[in-house]
Each structure stands twice: as C-alpha cells, then as structure tokens.
Amino acid sequence: MTEGVLTETIQCPSGMPAHLARPEAPGRYPIVILMHERYGLVQHTKDLAARCARDGFVVLAPDFFFKHPDPAALNAGSSRYDMTDREAIALLKSALVALENHPSADMGRIAVAGYCQTGRHPLVFAAEVKIQAAIVWYGAASKREWEATEAQPVPLDDAIAHLDCPVFGAFGADDHIISVEDVRRFRDCLESHRKSYEIHLYAGAPHGWLNDTMPGRYRKAQADAAWAAQQDFLKDVFAGKWPKTSVRWRFDSNFGDHYDFAKNRRQE
C-alpha cells in the first residue's frame, strides 16, 4: 500500500476488470489510463499506478488481456494476447466510461499511456478520441508498427496525422526491438505532421527498462529520469502549457558513438 493512495478493483462496462489508484485527499484529479505490457495486469503495472496516483492523478490500469484463457502463462511471458487496434480502442472507451461518474475523476483532463506491446494504442486512440496527452514507453516505433495489417488496419503514419494532442515518448538505445533509427523515424513522422512531442532516448537502457521486477532489464537511473520527465510533461499539459495554437518539439537523445543495433540483446 502506498501512503496517501487509495486502491480498488472495478469493472468496466465491457466486463474488463481494472485496478484503480487515486489520491486519498478529496478533489478532482486528471486521469491517466495506464496500459500494461505484454504480461497483462501484473504487480509492476499496479505499482506504476500507485506511483502515478501519489503525484496527483486518478490512474486506471485495466486488464486489457482479460479474455486470455491462461492468465498464468500470460503473466509469465510464455504466452501472449494479440490485441487489435479496434479492440484496444473499444476497451479504452469502456475504461473512460467506467470513470465518468467517479467524483475524483476530471473527464476534461485525460492521458493514455502504453508500454511495449501496447505502445501504439494511445496513438490510435488519440487519433479517434479527444484526449489531452498520449504517452509511449518503448513501443509503437519498431518497423512492424508502421505496416497496415488486419490487426492494425490504419497505418501508424495516418494515426499520427490525426493526433490532436502532444506525445511523450521514452526509449532506450540498447533496445533490441526498437533501434535508434526507428526512434528517429517516429520523431520525424511527428514533425512532418507538425505534432507536438517530447521524446527521450536513454543510453544504456534495454527494452523494458522501467520494469523493476525484472532485474536484468531494469535501469534505475534512466527509469527515474524518464518517469520524472513524464510526470513533469503531464503536469504541464494539464496546466495548459502545451497549447494547440503552437507546435512544440523536444528531442533529448543520448547513445554511444559506436552504436550498433545488431549487437543489442534481449535482457531479462
């Protein structure tokens, strides 16, 4: 239990269960919908929800893969659930409906955050539904994300073109899935469509480097820096400091001069 934070399990209209974390003090707070990694709604995601709520947000972490027949295998990483863009959008809408009458939730201030496998979904959602911020952690930018498929019928470039909110991105230079060139392509796409963004690329950070339950990939210094940057970004967005009348670009990049994506390896 995190001091000053209340947590509970709720059910969204779609039947999807969700972990809700909010400040204990009464008031109306901005909303963060926190999408989990490929492992489903595990303790790491609940920890992030509490951490975010402690900073003054109502955080809903739904179990987007609740239809998977073997949750234990999913949580262990030995199985996966391939959620389509349409399913993600429908479930995100359901998550917001679940908060509509909550006294602590400010429905006029909403951010959606995706991690790893769900990294693209805040973008495709924001292309259809008006929110105030989309957050991407080591997702969305790999080569496979740009192609139109049955599961992701709208090309990522088209989704980005229809964004109506700023984007925060956090990536690692040691990622074995997303290369530095992939991050640059993501940045360049945002710029070509004149979308506001703040992107950080951290040296020495492999894929999944925010996850402190996986010691092989967790990088505390980079994780702490990126989390602080994300929270500052959200506070500024919700305070009106990223107005739609201006385009704001920030790209903070750090990687080795002998960088070679081919040498990056999966870390546990």
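The values are calculated or read from the model by the stated rules, or taken from the named source; none is laboratory data. Bear in mind that the values here come from a model prediction, so they are computed numbers and not experimental data. Here Cβ is always computed from backbone atoms with ideal geometry, including for glycine, and neighbour counts include all displayed protein chains. The area values use the complete protein model at the heavy-atom level, side chains included, leaving out ligands, DNA and RNA. Shrake-Rupley method; radii C 1.70, N 1.55, O 1.52, S 1.80 Å.
Just a few scattered comments:
- Every listed requirement among (1) in contact (Cβ under 8 Å) with a residue 24 or more places away in the chain; (2) farther than 15 Å from TRP249 by Cα; (3) out of contact with any Leu (no Cβ under 9 Å at 6 or more places or on another chain) is met by GLU191 save one, (2).
- When the residues of the range 245-263 are filtered to those that are part of a loop (DSSP other than H, G, I, E, B) and of a type outside the set (S, T, N, Q), the one that is surrounded by the most Cβ atoms within 10 Å (Cβ to Cβ) is PHE255.
- Within the set ALA72, ALA98, the sole residue that is over 20 Å from GLU145 (Cβ atoms), in a helix (DSSP H, G or I) and modelled with pLDDT under 95 turns out to be ALA72.
This table checks each residue for (1) open to solvent by 20 Å² or more (accessible area, probe 1.4 Å); (2) within 25 Å of ARG266 (Cα to Cα); (3) modelled with pLDDT of 95 or more; (4) not in a strand (DSSP E or B).
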{"residue": "ALA90", "(1), (2), (3), (4)": "yes, no, yes, yes"}
{"residue": "HIS102", "(1), (2), (3), (4)": "yes, no, yes, yes"}
{"residue": "ALA111", "(1), (2), (3), (4)": "no, no, yes, no"}
{"residue": "GLN117", "(1), (2), (3), (4)": "yes, yes, yes, yes"}
{"residue": "VAL129", "(1), (2), (3), (4)": "yes, no, yes, yes"}
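- Test: residue in the range 224-244 that is touching a residue at least 12 places away in the same chain (Cβ under 8 Å), part of a loop (DSSP other than H, G, I, E, B) and open to solvent by less than 50 Å² (accessible area, probe 1.4 Å): yes
- Of everything listed in (1) at pLDDT 95 or above; (2) farther than 20 Å from ARG144 by Cβ, the single unmet condition for ALA161 is (2).
- Counted residues, the range 172-189 - those being open to solvent by 40 Å² or more (accessible area, probe 1.4 Å) and either of a type in the set (Ser, Thr, Tyr) or within 18 Å of the chain's Cα centre (by Cα) (or both): 2
- For the range 11-22, the set of residues classified as open to solvent by less than 10 Å² (accessible area, probe 1.4 Å) and either more than 17 Å from ILE110 (Cα to Cα) or in contact with a helix residue (DSSP H, G or I) (Cβ under 6 Å, 6 or more places away or on another chain) (or both) consists of CYS12, MET16, ALA21, listed by residue number.
- Checklist (1) touching a Lys or Arg at 6+ places or on another chain (Cβ under 8 Å); (2) farther than 26 Å from VAL42 by Cβ applied to TRP209, failing item: (2)
- Filtered by the rule that a residue be hydrophobic (A, V, I, L, M, F, W, C) and either farther than 18 Å from TYR115 by Cβ or assigned to a strand (DSSP E or B) (or both), the range 132-150 gives ALA133, ALA134, ILE135, VAL136, TRP137, TRP146, ALA148.
- Residue list for the range 51-63, restricted to those being within 18 Å of VAL112 (Cβ to Cβ) and part of a helix (DSSP H, G or I): ARG51, CYS52, ALA53
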